[in-house]
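First the structure, in the form of structure tokens, and then the observations on it.
The values are calculated or read from the model by the stated rules, or taken from the named source; none is laboratory data. Just so we're clear, the structure is a prediction, and the values are computed from it rather than from any experiment. Positions of Cβ are backbone-derived with ideal geometry, glycine not excepted, and every protein chain shown enters the neighbour counts. The protein model used for the area step is the full one, side chains on, heavy atoms only, and it has no ligands, DNA or RNA in it. Shrake-Rupley method; radii C 1.70, N 1.55, O 1.52, S 1.80 Å.
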Amino acid sequence: AQKVTQAQTEISVVEKEDVTLDCVYETRDTTYYLFWYKQPPSGELVFLIRRNSFDEQNEISGRYSWNFQKSTSSFNFTITASQVVDSAVYFCALSEANNFNKFYFGSGTKLNVKP
Amino acid sequence: GAGVSQTPSNKVTEKGKYVELRCDPISGHTALYWYRQSLGQGPEFLIYFQGTGAADDSGLPNDRFFAVRPEGSVSTLKIQRTERGDSAVYLCASSLTLGGTGELFFGEGSRLTVL
């Protein structure tokens, strides 16, 4: 079974719109980490955020915010006032207590921000 | 540069040939990871090293794949008797320590095409 599901394959928005990228995860571990990475056209993945399973506080960093809800096994990512430079593929990932160094990535959501 | 360096950036080979992909991690990073990313998919774990030893090679798909890190720095991923299904982008990442901190630093990947 897929441990991380990103149901949105591709999203297109116009600059300045808000956009939310969905991530649903599946694990039996009570201790785990969730991540978001950005992959621009250059190819290298860039770390955005990490949350551990005991910290359900939402987080805001500039135009980015994350909503972690254990009740629905979701870790959604919102970009406020999107910009063209936000265009990239975004990946959600999970690592579990039995092996924190093995990351399970979702299939990614391609975000197109048009001017 | 100070980032993770991967060579070659592109490799085209014929079915049945042997290939080597090289990863030069960030200086001082003890942990090194290899992932494989097929078109339209998220990265898939292959192997990670702590120092010179492979701490977890459970993601290597079969015995045609092998990776080494003889001096605890540069790593080489070796693929024997390549098959068309091996075509993908091979991503390398490094981190300062193990432990799933999430701060993996990725290279731009080596795109392998097997004809």
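A few remarks follow.
- Cross-chain or 6+ apart pairs with Cβ under 8 Å, the range B:32-43 first and in a strand (DSSP E or B), then open to solvent by 10 Å² or more (accessible area, probe 1.4 Å) and β-branched (Val, Ile, Thr): B:36/B:89; B:37/B:89
- Close contacts from the range A:29-57, counting a first residue that is more than 9 Å from every other protein chain (Cβ to nearest Cβ) and among the hydroxyl-bearing types (Ser, Thr, Tyr) and a second that is open to solvent by 20 Å² or more (accessible area, probe 1.4 Å) and not in a loop (DSSP other than H, G, I, E, B), with Cβ to Cβ under 6 Å and a gap of 6+ residues or different chains, come to none at all.
- Matching option when the condition is more than 14 Å from chain A (Cβ to nearest Cβ) and open to solvent by 70 Å² or more (accessible area, probe 1.4 Å), among B:68, B:74, B:12: B:12
- Listed conditions (1) free of Cβ contacts under 8 Å to residues at least 60 places away in the same chain; (2) assigned to a loop (DSSP other than H, G, I, E, B); (3) farther than 20 Å from residue A:91 by Cα are all met by residue B:16, apart from (1).
- Selection count, the range B:77-91, where residues are open to solvent by less than 20 Å² (accessible area, probe 1.4 Å) and part of a loop (DSSP other than H, G, I, E, B): 1
- Residue list for the range A:13-53, restricted to those being under 16 Å from residue A:89 (Cβ atoms) and open to solvent by 70 Å² or more (accessible area, probe 1.4 Å): A:41
- Of all residues making up the range B:83-98, the number that are in contact with an Asp or Glu (Cβ under 8 Å, 6 or more places away or on another chain) and either over 14 Å from residue B:4 (Cβ atoms) or among the charged types (D, E, K, R) (or both): 0
- In this structure, residue A:82 does not satisfy being of a type in the set (S, T, N, Q), free of Cβ contacts under 8 Å to residues at least 40 places away in the same chain and open to solvent by less than 60 Å² (accessible area, probe 1.4 Å).
- Taken over the range B:41-59, residues that are open to solvent by 50 Å² or more (accessible area, probe 1.4 Å), more than 7 Å from every other protein chain (Cβ to nearest Cβ) and closer than 27 Å to residue A:109 by Cα amount to 2.
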